[in-house]
């Protein structure tokens, strides 16, 4: 790891030389050699942990990824300093074949000189001919406002942007507006995926499973409304938009209570001329109809991140839901 007391200037050639030295040093314990990088992950931070030593969801996700996928990680933070400074570090973890699965990490503290926010300064650090993922892990509206110029300048480099619409205090309208502005500024140059959409997958799966039996499918035309207890505001909104999209008509949705999905949820789908469909999920499982139970486990941020960097396929259902929500306003 580089000396935290001696940051570097943003000189790509010097940084690459430092990365080579760190790679050689970190990989020495692993006799089978170092597993080569699979992608570059550029993290645009709009917030840091509230206090020194506080838990950071980004670091937790990266810790889960370490040892599973080798990558170059470039983190860009806005600093209250006149000049941009850079720290270079590395860490490895052995895989099942005793190969060093390593992160090559570059932390850029973008100062008042604006160098760190300029893609032209850090683009040479992006590994050519490998996928490039950008990640906005903090409040989306604030991040889009702060980093859209950088995304716009780097649009030709990025293959996929990861966001988390549930982070931060923004309301639904602010998030939708932020996504729309980012889309317009970058001309849809890359894929966009949302951690909130991935987390709420169990909601969609359990709702769909409730109507799997033949006798239930005929009731799809009788769905009148839905009430949800649990999930964040954006996770609930995405679910209601998905439900309306799948049924081909507007289904009123009420988000009756907000809470973490990993603590469970309760969903009531009201019907015309038929009993309500109740789907109750706790940490122990889901009860759909009668005593039928379906096993499930909500993914952590690390598991979502791993899934995202393993695919560049477009999620057509998410795109459809997002378009529907933008049109609805």
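Residue-wise test of (1) in contact (Cβ under 8 Å) with a residue 24 or more places away in the chain; (2) within 16 Å of the chain's Cα centre (by Cα); (3) in the same structural domain as residue 44 (by TED's automatic domain parsing).
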residue: 117; (1), (2), (3): yes, no, yes
residue: 128; (1), (2), (3): no, no, yes
residue: 142; (1), (2), (3): yes, yes, yes
residue: 149; (1), (2), (3): yes, no, yes
residue: 157; (1), (2), (3): yes, no, yes
residue: 178; (1), (2), (3): yes, yes, yes
residue: 190; (1), (2), (3): yes, yes, yes
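Checked against the criterion of being within 30 Å of residue 139 (Cα to Cα) and modelled with pLDDT under 95, the candidates 280, 285, 294 yield just one match: 280.
Just checking, does the stretch 266-274 include any residue being closer than 15 Å to residue 201 by Cβ, at pLDDT 90 or above and in contact with a helix residue (DSSP H, G or I) (Cβ under 9 Å, 6 or more places away or on another chain)?
Going residue by residue through the stretch 266-274, those that are closer than 15 Å to residue 201 by Cβ are 267.
Going one step further and asking which of them are at pLDDT 90 or above, we end up with 267.
Checking the rest, the ones that are also in contact with a helix residue (DSSP H, G or I) (Cβ under 9 Å, 6 or more places away or on another chain) come to 267.
Yes, the stretch 266-274 has at least one match.
Being at pLDDT below 95, surrounded by fewer than 17 Cβ atoms within 10 Å (Cβ to Cβ), outside the structural domain of residue 134 (by TED's automatic domain parsing) and under 20 Å from the mean Cα position of the chain (by Cα) holds for only one residue in 312, 261, and it is 312.
Residue pairs whose Cβ atoms lie under 7 Å apart, separated by 6 or more positions or on different chains, with the first residue in the stretch 90-107 and under 20 Å from residue 14 (Cβ atoms) and the second part of a loop (DSSP other than H, G, I, E, B) and at pLDDT 85 or above, are 102/70; 103/66.
The combined condition, being in the same structural domain as residue 23 (by TED's automatic domain parsing) and buried (at least 16 other Cβ atoms within 10 Å of the Cβ), is not fulfilled by residue 113.
Per the listing 24, 16, the residue uniquely modelled with pLDDT under 95, in contact with a helix residue (DSSP H, G or I) (Cβ under 8 Å, 6 or more places away or on another chain) and either surrounded by 20 or more Cβ atoms within 10 Å (Cβ to Cβ) or not in a strand (DSSP E or B) (or both) is 16.
Let's see how each residue does on (1) under 14 Å from residue 206 (Cβ atoms); (2) without any contact (Cβ under 8 Å) to a residue 60 or more places away in the chain; (3) in the same structural domain as residue 280 (by TED's automatic domain parsing); (4) crowded, with 19+ Cβ neighbours inside 10 Å:
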site	(1), (2), (3), (4)
224	no, yes, yes, no
228	yes, yes, yes, yes
231	yes, yes, yes, yes
235	yes, no, yes, yes
240	no, yes, yes, yes
243	yes, yes, yes, yes
252	no, yes, yes, no
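Here residue 186 meets each of (1) over 26 Å from residue 41 (Cβ atoms); (2) touching a helix residue (DSSP H, G or I) at 6+ places or on another chain (Cβ under 8 Å); (3) not assigned by TED's automatic domain parsing to the domain that holds residue 250 with one exception, condition (1). Among all residues of the stretch 63-74, there is at least one that is in the same structural domain as residue 17 (by TED's automatic domain parsing), modelled with pLDDT of 95 or more, within 18 Å of the chain's Cα centre (by Cα) and under 14 Å from residue 45 (Cα atoms).
The values are calculated or read from the model by the stated rules, or taken from the named source; none is laboratory data. All values derive from a computational prediction rather than experimental measurement. Every residue, glycine among them, receives a Cβ derived from its backbone with ideal geometry; neighbour counts consider all protein chains shown.
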